[in-house]
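S.K.: Input: one structure, supplied below.
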Amino acid sequence: MDIDASAAHHASERRGLLVAFEGIDGAGKSTQAKLLAEWLGSKGFPVSVFHEPTPGPVGLEIRRLAKAGRDELTPRREFELFLEDRAWDVRERIGPALARGEVVLMDRYYISSMAYQGALGLDPAEILRANEAIAPRPDLVLVFTLPVDVALERVCSRHASGQDLFEKRESLVRVREIFDGLEGSHFRHIDAEAPLDAITERVRAEVEPMLARVMAAG
């Protein structure tokens with residue numbers, strides 16, 4: 001899917017830099033977001049790291065439903081909840097931080113909605129359009145690629161039943177296929193099986209040329 005072909009939404013008076021960390025569960029995106037934030041802070045750049053679902057009212061409801069089980073939550077309703085939560089995120093956190101000229105690191109963003117709700121049967125292109133109507137497009141999307149079986153080894157509980165593992169694997173295969181198919185000038189696919197230091201250096205190398213915008217804003 002070529003994301004460059006869609007109409008992007010840009011926040012007004014945007015001065016900062018928006019970087020999204022994406023990939024299937026277990027790919028190490030949270031670790032890399034944290035390491036990049038520490039590095040940027042050591043260089044004097046203002047930085048915020050946000051995770052979705054958010055701590056807002058809808059985000060808390062999404063988390064509650066995730067713990068309780070989603071048997072009564074349709075893919076469409078899940079999509080609507082994430083969209084509502086993201087609107088809160090843009091209004092309360094992302095938009096103000098970008099307007100202040102910060103580097104905003106998103107530990108999951110609407111690209112995850114495209115992959116995870118897309119794997120449940122919704123149209124990723126529809127999810128893209130709905131989100132870019134309310135949320136700024138990232139300047140850079142780092143997609144951490146990892147074989148599904150390796151991801152399961154990293155994240156699955158040792159007490160998970162064989163059926164649970166089978167269902168989770170089938171779902172993650174569909175999710176990864178969507179992530180792997182994302183294309184556009186602002187996407188970078190990074191091998192999450194590489195050594196940690198090598199991944200960290202690659203992330204810095206992708207972000208560093210874009211920091212001039214933040215320096216100019218300052």
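The values are calculated or read from the model by the stated rules, or taken from the named source; none is laboratory data. Only a predicted model underlies this, so the values are computations on that prediction, with no experimental measurement involved. Methodologically, a virtual Cβ is constructed for each residue, glycine included, from the backbone with ideal geometry; neighbour enumeration extends over all protein chains shown. When the accessible area is computed, the model is the full protein with side chains, heavy atoms only, and any ligands, DNA or RNA have been set aside. Shrake-Rupley method; radii C 1.70, N 1.55, O 1.52, S 1.80 Å.
S.K.: Run the reach check for Lys168 against lysines, Cα to Cα strictly under 17 Å, same-chain hits fewer than 8 apart removed. What comes back?
M.R.: Excluding near neighbours in sequence, the set is Lys67.
S.K.: Same structure again: Average the reciprocal distances over every distinct pair of alpha-carbons in the chain, invert the result, and give the Kirkwood radius in Å.
M.R.: Working: mean 1/r = 0.0559 Å⁻¹.
Every distinct Cα pair counted, the radius reaches 17.9 Å.
S.K.: Still on this structure, I have one more. With an 8 Å Cα cut-off and a minimum separation of 6 or more residues, compute the relative contact order for the chain in percent.
M.R.: Details: 323 pairs, mean separation 77.9, N = 218.
Over the chain, the number comes to 36 percent.
S.K.: For the stretch 178-211, which GluC sites (Glu not before Pro) are both in a DSSP coil and crowded by at most 14 other Cβ atoms within 10 Å?
M.R.: Details: sites: Glu183, Glu193, Glu201, Glu206; in loops: Glu193.
Sites meeting the loop and neighbour criteria: Glu193.
S.K.: How much accessible surface area, in Å² rounded to 10, belongs to the heavy atoms of Asp123 with a 1.4 Å probe?
M.R.: 70
S.K.: So with the 1.4 Å probe, I'd like the accessible area per residue for the chain, rounded to whole Å².
M.R.: The answer is 48 Å² per residue.
S.K.: What part of the accessible area of the stretch 68-122, given as a whole %, is carbon or sulfur when the probe is 1.4 angstrom? Display every interim value, and only then the final one.
M.R.: On the way: 1090 of 2210 Å².
Carbon and sulfur: 49 percent of the exposed surface of the stretch 68-122.
S.K.: Any lysines with Cα under 23 Å of the Lys34 Cα? List them, leaving off those in the same chain fewer than 8 positions away.
M.R.: Here the lysines satisfying the reach criterion relative to Lys34 are Lys43.
S.K.: OK, next. Place a +1 charge on the Cβ of each Lys and Arg in the chain and a -1 charge on the Cβ of each Asp and Glu, then give the dipole magnitude about the Cα centre in debye, rounded to the nearest 20.
M.R.: Working: 28 positive and 36 negative charges, 128 e Å.
The calculation lands at about 620 debye.
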